[in-house]
Amino acid sequence: MNRMAGVMKMHWRDKWSWIFIPWVVVLFSFATNLTIGGLTGGEENINSGGLSSIFIYIFVCSLIVQGQTFPFALGLNVRRLDFFAGTSAMGVLVSAASAVVLLLFSLAEELSDGWGVSVHFFNLPFMDGISPLGRLGIYFVVMVHMFFLGFVIASIYRRFKRTGMFVFFAALFVLMSVATFALTYFNLWLDLFGWFANHYMDIFVWMAPIAVVYALLSYAMIRRATI
Amino acid sequence: MNRIVEVNRLNKTYGSETVIQDVSFTIEENKIYGLLGRNGAGKTTIMHMITAQLFPSGGELKVFGEHPYENNRVLTRMSFIKESQKYPDVFRIADVLDIAADLYPNWDQGFAEQLIEDFRLPVKRRMKKLSRGMLSSVGIIVGLASRAPLTIFDEPYLGLDAVARNLFYERLLEDYAEHPRTVILSTHLIDEVSNMLEHVIVIDNGKILLDEEADSLRGKAFTAVGPAATVRAWAAGKQLIHEEAIGGLMSASVLGNLSAAERREAEAQGIELVPVSLQQLIVHLTSGKTNGKVAELG
């Protein structure tokens, strides 16, 4: 049988990590928001940002799942390419399905005017003017991006082990420090936030090619990874 | 004879440390091989390279006539069961077996189910919750039921009791008789498997120490037991690999075949001759004192 499909079937057995846990987390957060909305009687507009939990979760899921399944798959003589392709396909499919469900919630939220209690959980403030298709695209691209971000970091570990992680995080730390210092020194923080406020749509668009770059980097590292 | 594995001057180094040094051997079709040696000798490293889980630092490696790396034609014909295999925490035994069924083209579900019963495995239990012995049993079931043309077992039975180990040997031999394939068995329990092995490769310190048919090894060395003075005189000039004196008695193990005349002569002097078991021979060869005597064996 097709080995890549075999890898996907392997992931599909772990429905908790891929599907149940993220939705339990996000729905729990949503329920909390609804409760608060109910308590305040809908007089306050609630924008909690709890939706971010599902995007953070898929990042973590990608990290963990790769660490757990790569040594197992290789032990069953799966090619690295098939592992990469099967796992990536699973990540993209789960992201697509999640994006559709998020959009349905988002539409319901819109129609019910914040679930009757002014809770804006699935629609972020800037989304008011964006078509359903655009929202679907945003959910999807952010999620795929987070998935491959987790995947590429996990791949650094697979390929370069502890040393790789150390170098990566040390470099990241230095880069962040320099950037923070530079922004403060040149008084650029407000400009940065201003730029974000005006260009967030560009950021979403750019997430797609960046995710592709992560994926390519991941494959380049996975190809040379050992047990 | 078809060559299943061809290894030529294989090397593996980690930085300045050499783990495998100029190892060459071939594995032929439909035989049971024993890959033996002490801990850290490099057995697992070699098997990892054969299955492309590790990369060689130098040398040539061919499996089924091709490079195994990222090669499904080779990889799908192998099954490698190792003691250190990791399983995803959330998987149950049933999950592992179902995935194996998907991935191994020759998988025999009926055989797998029979083995589950034989080893009394709780298929619904999570891998994380299994005892060491049960974990080993899962590996053994995957290795046997996958019926891969090249099946490699690396210390497959850590934590298994004697009954379960026997079960493994029995099932392996039965199934091997019905579905011939090439088996590489790496183990410390040499005595237990020595009757099963058709060919023995001994690795020590990353080098091949011995590569011979098991039959020809069985008559390769003898232990002479008798009065100390007599034995000492008898052993003089022979290749001594081990000696032990208890009181006035002495036992001396020597390498080499003995002719019938030599045997009669020894027995006439009151010396008792017993063949050295494969395990003893390998212990002698790899215990450090006799390193480098391989050449003399041939």
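Please treat every number below as a calculation from the coordinates, not as lab data. These figures come from a predicted structure and were not determined experimentally. Heads up, the Cβs are rebuilt from the backbone with ideal geometry, glycines too, and the neighbour counts pull from every protein chain shown.
Give me the extension gain from B:Asn30 to B:Glu178: residue separation times 0.36 nm, minus the current Cα-Cα distance, reported in nm with one decimal.
Numbers: separation 148, 0.36 × 148 = 53.28 nm, distance 1.15 nm.
Full extension of this stretch gives 52.1 nm more.
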With each pseudo-label sitting 7 Å past Cα toward Cβ, what's the A:Trp195-B:Ser84 distance in nm, one decimal?
4.7
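Taking the Cα centre of the protein assembly as shown as the origin, how large is its charge dipole in debye, to the nearest 20, when only Lys and Arg (+1) and Asp and Glu (-1) carry charge on their Cβ atoms? Each step should come with its number before you reach the end.
On the way: 45 positive and 49 negative charges, 126 e Å.
Roughly 600 debye, rounded to the nearest 20.
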Toward the positive end of the charge dipole of the protein assembly as shown, about the Cα centre and with charges on Cβ (Lys, Arg +1; Asp, Glu -1), which of B:Val142, B:Ala41, B:Thr13 goes farthest?
B:Thr13
Theoretical ellipticity at 222 nm over chain A - DSSP helices of four or more residues, -39500 (n - 2.57) apiece, nearest 500
-27500 deg cm²/dmol
Rounded to the nearest 0.05, what FRET efficiency do B:Arg120 and A:Trp23 give with R0 = 45 Å and r taken as the Cβ-Cβ distance? Could you check?
0.75
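Quote to one decimal, in nm, the extra length available between B:Asn72 and B:His188 on full extension: 0.36 nm per residue of separation minus the C-alpha distance between them. Mind showing how you got there, number by number?
Working: separation 116, 0.36 × 116 = 41.76 nm, distance 3.12 nm.
Full extension of this stretch gives 38.6 nm more.
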Just for chain B, what percent of DSSP beta bridges are antiparallel, to the closest 5?
65
Can you give the charge dipole size of segment A:1-95 about its Cα centre, rounded to the nearest 20 debye, using +1 on the beta carbon of Lys and Arg and -1 on the beta carbon of Asp and Glu?
640
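Give me a single rounded figure for B:82-91: the average over its residues of other chain Cβ atoms within 10 Å of their Cβ.
Numbers: counts 2, 0, 3, 6, 9, 5, 14, 4, 7, 6.
That average works out to 6.
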Quick numbers on the protein assembly as shown, Rg and Dmax over C-alpha atoms in Å, give 31.2, 111
Quick check: pseudo-label points 7 Å beyond the Cα along Cα→Cβ at B:Ser131 and A:Glu110, how many nm apart are they?
6.0
Relative to the present Cα-Cα distance, how much length would full extension add between A:Val174 and A:Ile210 at 0.36 nm per residue of separation?
10.8 nm
With point charges of +1 on the Cβ of Lys and Arg and -1 on the Cβ of Asp and Glu, referenced to the Cα centre of the protein assembly as shown, which listed residue (A:Phe30, B:Gly256, A:Phe204) lies farthest in the positive direction of the dipole?
B:Gly256
Hydrophobic long helices for chain B, i.e. whole DSSP H runs reaching 18 angstrom or more by Cα along the axis with Kyte-Doolittle mean at least 0.5, come out as B:132-145
Against the longest alpha carbon principal axis of chain A, how many degrees, from 0 to 90 and to the nearest 10, is the axis of helix A:3-12 turned?
50
Residue pairs, from the table B:Lys31/B:Lys82; B:Lys31/B:Lys124; A:Lys161/B:Lys124, whose Cα atoms sit over 27 Å apart:
B:Lys31/B:Lys124; A:Lys161/B:Lys124
Rounded to the nearest 5, the percent of antiparallel DSSP beta bridges in the protein assembly as shown equals 65
What do you get for the angle between helix A:52-75 and the principal long axis of chain A? Use alpha-carbon atoms, 0 to 90 degrees, nearest ten.
10
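Is it possible to state the helix-based mean residue ellipticity at 222 nm for chain B, with each DSSP H run of 4+ residues giving -39500 (n - 2.57), the sum divided by total residues, to the nearest 500 deg cm²/dmol? What is it? Intermediate values should be presented prior to the final figure.
On the way: 12 runs with 103 residues, N = 298.
Mean residue ellipticity at 222 nm (helix-derived): -9500 deg cm²/dmol.
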Specify the residue with the greatest mean-square fluctuation among B:Arg77, B:Arg132, B:Arg263, computed from a Gaussian network of chain B linking alpha-carbon atoms under 10 Å apart.
B:Arg263
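Taking R0 as 60 Å, what's the FRET efficiency between A:Val101 and B:Glu212 from their Cβ-Cβ distance, rounded to 0.05?
Numbers: r = 64 Å, r/R0 = 1.07.
With R0 = 60 Å, the Cβ-Cβ based efficiency is 0.40.
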Would you mind listing how long chain B runs along its three principal axes, going by Cα atoms, in whole Å with the largest first?
65, 42, 36
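Enter the mean number of other protein chain beta carbons within 10 Å of the beta carbon of each residue in A:66-73, as an integer. Walk me through the intermediate numbers first.
Numbers: counts 0, 2, 6, 5, 2, 6, 8, 3.
So the per-residue partner count for this stretch is 4.
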If you take the charge dipole of chain A about its Cα centre, with +1 on Lys and Arg Cβ and -1 on Asp and Glu Cβ, which of A:Ala108, A:Phe169, A:Ala97 is farthest toward its positive end?
A:Phe169
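Can you compute the charge dipole magnitude of chain A about its Cα centre, using +1 on each Lys and Arg Cβ and -1 on each Asp and Glu Cβ, nothing else charged? Give it in debye, rounded to the nearest 20. Working shown, then result.
Working: 13 positive and 10 negative charges, 356 e Å.
That gives a dipole near 1700 debye.
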Round to the nearest 10 and give me the degree value, 0 to 90, for the angle of helix A:80-111's Cα axis relative to the longest principal axis of chain A.
10
